[in-house]
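Shown next, in structure tokens, is the structure this report addresses.
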Amino acid sequence: MLAAMGPVGAIGAMARRRPRRRAGAALALLLCSSGISLAGSIPLTELRGSAYAGGVVPNTAFMPTAEARAAHEPFAGVLRIAETEMRTVPSPLKSREVLGKETALFPQTELEFATVEGDLVPATQDVIRAGSSGRGRSFWDLIVQPGKVWSERGEGAWSRAAFPFALVNSLEGETHNGLATFAYRGREVTNLRFQIVQQTAPYWVSDYFTAAGIAQASRRSAPDSQKFVKPYRASLADRVILGSWADLAAEVGSDRLAGFDAGLPPEQTVLAGLDYRGKFYLQFCSSAAGELPWCDRARFGVWSATKALANETALLRLAQKFGPEVFDLKIADYVPEAASYPAWRAVRFEDAIDMATGIGNGSAKREPNNISDGYIDPTYDEWYGARSERAKVEALLATGRAYPWGPGKVARYRDQDMFVLGVAMDRFLKSREGAKAALWSMLEKEVFLPIGIHYAPTNRTLEADGRPGQPLMAFGYYPTIGDMVKIARLYQNGGRHGETQILYS
């Protein structure tokens, strides 16, 4: 749950159960039982060996101990990681194979890092396509976040490194958050020890699971491992200030916070906190192995919160740039494929963002209206599983039926409407600014960066020619706590940041 106090409104959320994906900003977790053992650091002998002692261990085993010192040397270069079998709980997973890929395999990948003042900084925080690109047998792609480097007493010239990461898939929207660690000395690196201890709501991989494993790793140099240092330093300067729950209670009184998370099942809640007077106070950041380290750096698969955090934000930015007439633009004028379907010809951008296109596969019963009527219908996975932009557009046009009331009258929840709106907005922007313009790049440069969001990973369609693909926009954005707080503050300031009106209000 993320929420706000005083003039700052709610961002927050609870767990969702398949198949619901509402735009209310869900960050969800069902903790899995796991035989947690081991105190202190993971032994260096285990990192250097070919096997490991057990499954999930306390998250503190991935962190510097109280006696830790600075690393003997910075780490810079590329860490090559082999595809590896994971020990999962439950085992085996019910969803052992999805789209012909194996879900109990950690993906083969290469991760480039540099060291910035003791932080282990990845070259990218975008989605690293592994499983979805066809590489190896694993189902998973990867997102990597900054971690730490340090040294421990009694380990000679060896230094240690650790980082948080998330297993994701480019067609979905959840995160399976975890930690990884390795040791290094000169050109040598040990194996990579990892565990998965927290997740947001799943869909294709229906299991709520924990996992652990050890993967073979090697190291190679990178030609310019410092090129991403400057952006990282800028992101640190713009980070949201975090405070403790105890500090907030001391400031506002514990009685005002009583029952703050009442009604949220603790076994289904990832984190909770309040944004109050320019600081975010974190109540907890749970996982199956204790508090999640670097929770402020972790990225969360927020599923349909993407609709507000990204899609609505993009539309309001376009309206601010080009005028409010953007709301009345017709989808079919920018997605000409839709013009062949009479029901789509009158649908406006505004109708799509309201999910009131008048198209869907629910009943024609209008009163009382059930907004979820027809949401996950038998044709849904034809669109959901389509890989390319063209295939997704074709699927949503072919499967959506016209309701008798037409557009702009009745809201019916549809991910497809949000996706096609994203396509239409991207093509509109290209019509005004040229073929190289891109909707997500506009969001990054004209909205996110000015408010201090320096990284904005999102899932995109998978294009055979290697193009980055169209952002899914209905889901697939992976923000941090701070990212969500910054976007919420922008909305609650009427779309204004400082003296600049960024969003139409």
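The values are calculated or read from the model by the stated rules, or taken from the named source; none is laboratory data. The structure presented is a predicted model; accordingly, all values stated were derived computationally and were not measured. Note that each Cβ is placed from the backbone with ideal geometry, even for glycine, and that neighbours are counted across all protein chains shown. To get the accessible areas, we keep the full protein, side chains included, count just its heavy atoms, and leave off ligands, DNA and RNA. Shrake-Rupley method; radii C 1.70, N 1.55, O 1.52, S 1.80 Å.
If you scan segment 82-100, which residues turn out to be of a type outside the set (Ser, Thr, Tyr) and under 24 Å from Asn191 (Cα atoms)?
Passing the criteria: Ala82, Glu83, Glu85, Met86, Arg87, Val89.
Quick one: Ala66 ticks every box in (1) open to solvent by 50 Å² or more (accessible area, probe 1.4 Å); (2) more than 17 Å from Trp140 (Cα to Cα); (3) not in a loop (DSSP other than H, G, I, E, B) except a single one, so which number is it?
Of the numbered conditions (1) open to solvent by 50 Å² or more (accessible area, probe 1.4 Å); (2) more than 17 Å from Trp140 (Cα to Cα); (3) not in a loop (DSSP other than H, G, I, E, B), the odd one out for Ala66 is (3).
Filter segment 128-168 for residues that are free of Cβ contacts under 8 Å to residues at least 40 places away in the same chain and in a loop (DSSP other than H, G, I, E, B); which is surrounded by the most Cβ atoms within 10 Å (Cβ to Cβ)?
Trp140
Just to be sure, is Ala356 under 22 Å from Leu316 (Cα atoms) and open to solvent by 40 Å² or more (accessible area, probe 1.4 Å)?
In short, no.
Are there helices (runs of 4 or more DSSP H) fully within segment 393-505 with at least 1 residues that are open to solvent by 10 Å² or more (accessible area, probe 1.4 Å) and either touching a Gly at 6+ places or on another chain (Cβ under 8 Å) or farther than 19 Å from Leu315 by Cα (or both)? List them.
Counting at least 1 such residues, we get 481-492.
Find the residue count for segment 281-318, including only residues that are crowded, with 22+ Cβ neighbours inside 10 Å, part of a strand (DSSP E or B) and among the aromatic types (Phe, Trp, Tyr).
Going through segment 281-318 one residue at a time, the tally reaches 1.
Among the residues of segment 169-227, which ones are over 27 Å from the mean Cα position of the chain (by Cα), outside any loop (DSSP other than H, G, I, E, B) and charged (D, E, K, R)?
Arg185, Glu188, Arg219, Arg220
In the list Ala201, Ala180, Ala234, which residue meets the criterion of being more than 30 Å from Glu152 (Cβ to Cβ), surrounded by 23 or more Cβ atoms within 10 Å (Cβ to Cβ), out of contact with any Ser or Thr (no Cβ under 7 Å at 6 or more places or on another chain) and in contact (Cβ under 8 Å) with a residue 24 or more places away in the chain?
Every option except Ala201 fails the conditions.
Go through (1) part of a strand (DSSP E or B); (2) buried (at least 16 other Cβ atoms within 10 Å of the Cβ) one by one and return the number of the condition Glu110 breaks.
Checking Glu110 against (1) part of a strand (DSSP E or B); (2) buried (at least 16 other Cβ atoms within 10 Å of the Cβ), the one that fails is (2).
Out of Leu264, Leu248, Leu274, report the one residue that is assigned to a strand (DSSP E or B), of a type outside the set (Ser, Thr, Tyr) and open to solvent by less than 40 Å² (accessible area, probe 1.4 Å).
Leu274
Could you tell me which of the residues Gly362, Gly374 is assigned to a loop (DSSP other than H, G, I, E, B) and within 26 Å of Tyr477 (Cα to Cα)?
Gly374 is the lone residue from the list that is assigned to a loop (DSSP other than H, G, I, E, B) and within 26 Å of Tyr477 (Cα to Cα).
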